[in-house]
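Report on the following structure.
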Ligand SMILES: Cc1cc2nc3c(=O)[nH]c(=O)nc-3n(C[C@H](O)[C@H](O)[C@H](O)COP(=O)(O)OP(=O)(O)OC[C@H]3O[C@@H](n4cnc5c(N)ncnc54)[C@H](O)[C@@H]3O)c2cc1C
Ligand SMILES: Cc1ncc(C[n+]2csc(CCOP(=O)(O)OP(=O)(O)O)c2C)c(N)n1
Ligand code: SF4
Ligand code: SF4
Ligand SMILES: [Mg+2]
């Protein structure tokens, strides 16, 4: 359910709003009445992609369901920076779960709403650690039972809240606290990790999508579509972390954009086992452009030995491009 | 007091109590940077500013905004060489915004709807004399009249407009357009005295508090061409001027034009329209060194005008011209080769430029510039207090647009001088360079081209060659503007702030930073498409 671009205005549909666009062609985020589900005063780092992605996603879900929404939230930065007792940044009913059981809590919430005869919709959210590692069993169960929950994973590619440890979503070669840039093969190893969006798809649930903070319209369209469906749904959002990735706080969106434009992070959607649509690359970039501004990949650029590793990462990007058909020369994007 | 169990003794508080703005070391500031188009406009137009209104179809406001600086958009939209488009940042993306075409659309719309200028609410009682009713004189008159001064223009010619009427041919500038825009200026209460040549500026200034010399450059430069029996040698300015008279000049079947500037092109194209079967331009150097603009050369070639490079004219006699081939030396100067050639020609028209007729200031010492023309200071004033000058009469680039800009600048300085002050040019904003833009957000939008009359139909008469945009294409073209350096309310900053620290002030009012919560991450500045946000260090 991608969005239909309006190719007319000075900025087409890539900007968040634009005074020249009719109100219905603007994003939820452009609205001064947006829910601001994640309000200000939260303690996320400067330029945190997760804080941004969470507001983008939850505001869109709020709009889609007319504000009748409850969220379960796994432990992780998103929970810790938003709710130091007795304050909360959440302007929706929000329940903190354990690190590993947010999907199960959400399943229970959905069951409770049903039992009470309420139409309140349920989302669950967590980081990549909480989702792809410790919460994975609960998540798979939620999928398998097709519970009426939209699960949103905010993927910043490591356990950020506890000091940047590797997760099964950490990319190869990335330096983390547990995969130091030392030895013959510095950084995270190649050939490990999980591709949870594809695993979710394999559960044959009604809707699976990936998105990033770099393309808000795509993200909002996906959340909106997900909320129009029932059953288990999964959206995996790439949210760069300035602290863990070693990037400038103002580069968060640029880095996410480069992840897409290099092909390293394929943006697609699907359901019932199949990929049904992809976000095309507008201008393909070499992986170096994505890697270089990130300190977690700095060791690849120290000397000539990094070149082979960069080539392996480029091969991963190229494989994604081929697998999902991310480049369409005929498409005007 | 109500008793609550431990851990819920506190009410749920909002994190808004936590002012994360204290983390900030830099703050975002909305700036209005100078767009390159504005910086390049010799008339000082705020192009981005009027395009902003045009983008919304608010044409009247666009016209009002444009005419703050330039009173003749329909003329400018036809004859300006648009250095703004050369500078336009969009040129680095796909192709420059068709600023000139939109300007013409606005000018034509204003004529169609009979939009007038607001008259000044009060009169100053000061009287200013303007000598010359060309673009610089008319522009100065407009800006002075709007400031409430009483303006009298004297012109030697029978009609106002200067070279806009007696130089630029009708097929580029229809006279009804010129007349309408001049009438709108005179409508402000400007007195026009035609057929009144000023011979002595000091005498003429009697009864005036200040004067502006806008006399242009009327004297055709002559090159010595040895001529024998039956040689018909004319100068381009006279030929073009006589086009405004009752009888068209007789040029013959084969016309040779000598020169490489825009005037040479115009006179050759005019000759074609008067029935010359051959119109040949002879120029000393090569095409790339020709001062004429490429688009004009192309239009001329389309109309059958021929060009001969690297040639000088040696002699004319009995319908024959002798030319000598030239060769460029290593410094790029043409040098004679001794090879001669003969061309058939009924007339030879010299288009070698013009000089300023300084007769009216000959009795005032120290007014003439070493660079030719009248010497002025940065405030456009001559050595004679209260006497200002501009346009072609002072050493500068000679275009209608520069003349318009001089008129405006002179008016600002005359106004200050009349009040016993010195005009201070407001400080220029820093330029909105292409590197400041985040072009990711702009989609491709092809430039809308102005239709042209078929070349075959052009030479039949003096109908306007270049057609205007219609309402749809003009709106589209206006919307191609990237709004370099100036917020156009795309909501990006409002959207991308992870801390909801940007407050939307409503349509037309832009945004405000909530410094209680802005952590200074800089995402708004990085993701602003048009580079309108600066990050500035906090004073600690
Ligand atoms: C053929 C031709 C084509 C051109 N095409 C273009 C073009 O496409 N685009 C462009 O930007 N520029 C063009 N130019 C240049 C442009 O026309 C001039 O730079 C511009 O008109 C100069 O304006 P001005 O007001 O200084 O002088 P002018 O336009 O020359 O006006 C001077 C006026 O002063 C009057 N005058 C002079 N002496 C006296 C006196 N002693 N007493 C009273 N009145 C006097 C004259 O009669 C005249 O009306 C062209 C020029 C020519 C010759
Ligand atoms: C069972 C359990 N183990 C460990 C922790 C400590 N812990 C809290 S957050 C976190 C990492 C969260 O990583 P991720 O889910 O990727 O979220 P992020 O902070 O990166 O957004 C860990 C290990 C915990 N809270 N519970
Ligand atoms: S560590 Fe990363 S994810 Fe956590 S608050 Fe900071 S930027 Fe956001
Ligand atoms: S894009 Fe608009 S503001 Fe920028 S230089 Fe071109 S016309 Fe001017
Ligand atoms: Mg994480």
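The values are calculated or read from the model by the stated rules, or taken from the named source; none is laboratory data. Given the structure is predicted, the values throughout are model-derived calculations rather than measurements. Cβ: placed from backbone, ideal geometry, glycine included. Neighbour counts: every protein chain shown.
Could you check residue A:318 against (1) surrounded by 18 or more Cβ atoms within 10 Å (Cβ to Cβ); (2) over 24 Å from residue B:442 (Cα atoms); (3) away from chain B (no Cβ under 14 Å) and say which number it fails?
The failed condition is (1).
Which ranges mark the helices (runs of 4 or more DSSP H) fully within the range B:1-112 that have 1 or more residues being over 30 Å from residue B:435 (Cβ atoms) and within 16 Å of ligand 4 (Cβ to nearest atom)?
B:73-79
When residues of the range B:325-367 are filtered for being outside the structural domain of residue B:382 (by TED's automatic domain parsing) and more than 29 Å from the chain's Cα centre (by Cα), how many remain?
24
Which of the numbered conditions does residue B:18 fail, given that it passes all the others? Conditions: (1) under 30 Å from residue B:406 (Cβ atoms); (2) touching a strand residue (DSSP E or B) at 6+ places or on another chain (Cβ under 9 Å); (3) without any contact (Cβ under 8 Å) to a residue 40 or more places away in the chain.
(1)
Considering every residue within the range B:57-68, establish whether at least one is within 13 Å of chain A (Cβ to nearest Cβ) and either closer than 16 Å to residue B:530 by Cα or in contact (Cβ under 8 Å) with a residue 40 or more places away in the chain (or both).
yes
If residue A:285 passes every condition in (1) within 14 Å of chain B (Cβ to nearest Cβ); (2) out of contact with any strand residue (DSSP E or B) (no Cβ under 8 Å at 6 or more places or on another chain); (3) under 22 Å from residue A:224 (Cβ atoms) but one, which one does it miss?
(3)
Pick from B:98, B:21: which is closer than 30 Å to residue A:44 by Cβ and either within 14 Å of chain A (Cβ to nearest Cβ) or at pLDDT 95 or above (or both)?
Only one candidate qualifies: B:21.
When the range B:514-533 is examined, which residues are found to be more than 12 Å from chain A (Cβ to nearest Cβ) and in contact with a strand residue (DSSP E or B) (Cβ under 7 Å, 6 or more places away or on another chain)? Walk me through how you get there before you give the answer.
Here is the first cut: in the range B:514-533, the residues more than 12 Å from chain A (Cβ to nearest Cβ) are B:531-532.
Within the range B:514-533, B:532 is the sole residue that qualifies.
Looking at the range B:471-493, can you tell me whether even one residue there is away from chain A (no Cβ under 13 Å) and at pLDDT below 95?
Our first condition is that a residue be away from chain A (no Cβ under 13 Å); within the range B:471-493, this holds for B:471, B:474, B:485.
Next, only the ones that are at pLDDT below 95 stay: B:471, B:474.
Yes, the range B:471-493 contains a residue that is away from chain A (no Cβ under 13 Å) and at pLDDT below 95.
Please go through the range B:220-265 and pick out each residue that is more than 19 Å from residue B:320 (Cα to Cα), surrounded by fewer than 18 Cβ atoms within 10 Å (Cβ to Cβ) and out of contact with any helix residue (DSSP H, G or I) (no Cβ under 8 Å at 6 or more places or on another chain).
B:221, B:222, B:238, B:242, B:245, B:246, B:247
Among the residues of the range A:206-220, are any more than 16 Å from ligand 1 (Cβ to nearest atom), in contact (Cβ under 8 Å) with a residue 40 or more places away in the chain, on the phi > 0 side of the Ramachandran plot and not in a helix (DSSP H, G or I)?
Within the range A:206-220 (the criterion being more than 16 Å from ligand 1 (Cβ to nearest atom), in contact (Cβ under 8 Å) with a residue 40 or more places away in the chain, on the phi > 0 side of the Ramachandran plot and not in a helix (DSSP H, G or I)), the answer is no, since none of the residues qualifies.
Only residues that are surrounded by fewer than 24 Cβ atoms within 10 Å (Cβ to Cβ) and closer than 13 Å to residue B:414 by Cβ: list them for the range B:114-128, please.
Hits for the range B:114-128 are B:124, B:126, B:127.
State yes or no: is residue A:237 away from ligand 2 (no atom under 16 Å from the Cβ), more than 19 Å from residue A:287 (Cβ to Cβ) and crowded, with 21+ Cβ neighbours inside 10 Å?
No; evaluated as a whole, the condition is false for this residue.
Can you tell me which of B:45, B:61 is modelled with pLDDT of 95 or more, more than 22 Å from residue B:446 (Cβ to Cβ) and surrounded by fewer than 23 Cβ atoms within 10 Å (Cβ to Cβ)?
On inspection, the qualifying residue turns out to be B:61.
Go through the range B:286-305 and report how many residues are touching a residue at least 40 places away in the same chain (Cβ under 8 Å) and crowded, with 18+ Cβ neighbours inside 10 Å. Don't jump to the end; show me each part of the working.
Pass one, the range B:286-305, residues touching a residue at least 40 places away in the same chain (Cβ under 8 Å): B:286, B:289, B:293, B:299, B:302-305.
After this cut, where a residue has to be crowded, with 18+ Cβ neighbours inside 10 Å as well, the list is B:299, B:303, B:305.
Counting residues in the range B:286-305 that are touching a residue at least 40 places away in the same chain (Cβ under 8 Å) and crowded, with 18+ Cβ neighbours inside 10 Å gives 3.
Among A:300, A:238, A:216, A:258, which is the only one that is more than 16 Å from ligand 5 (Cβ to nearest atom), modelled with pLDDT of 95 or more and more than 14 Å from chain B (Cβ to nearest Cβ)?
Going through A:300, A:238, A:216, A:258 in turn, just one is more than 16 Å from ligand 5 (Cβ to nearest atom), modelled with pLDDT of 95 or more and more than 14 Å from chain B (Cβ to nearest Cβ): A:300.
Go through the range B:437-469 and report how many residues are in contact with a strand residue (DSSP E or B) (Cβ under 9 Å, 6 or more places away or on another chain) and either outside any loop (DSSP other than H, G, I, E, B) or at positive phi (or both). Steps first, answer last, please.
Narrowing the range B:437-469 to residues in contact with a strand residue (DSSP E or B) (Cβ under 9 Å, 6 or more places away or on another chain): B:450-453, B:458, B:465-467.
Now narrow it down to the ones that are either outside any loop (DSSP other than H, G, I, E, B) or at positive phi (or both): B:452, B:458, B:466.
Within the range B:437-469, residues that are in contact with a strand residue (DSSP E or B) (Cβ under 9 Å, 6 or more places away or on another chain) and either outside any loop (DSSP other than H, G, I, E, B) or at positive phi (or both) number 3.
Counting only residues that are modelled with pLDDT under 95, give me the helices (runs of 4 or more DSSP H) lying completely in the range A:1-118 with at least 3 of them.
none
Kindly indicate the residue of the range A:24-71 that is without any contact (Cβ under 8 Å) to a residue 60 or more places away in the chain and away from chain B (no Cβ under 13 Å) and also farthest from ligand 1 (Cβ to nearest atom) among those meeting that condition.
Looking at residues that are without any contact (Cβ under 8 Å) to a residue 60 or more places away in the chain and away from chain B (no Cβ under 13 Å), I get A:70.
Pairs only if they're at least six apart or on different chains, beta carbon under 7 angstrom, first in the range A:12-23 and within 7 Å of chain B (Cβ to nearest Cβ) and at positive phi, second surrounded by fewer than 18 Cβ atoms within 10 Å (Cβ to Cβ) and at pLDDT below 85; list them, first residue then second.
A:12/A:5; A:12/A:6
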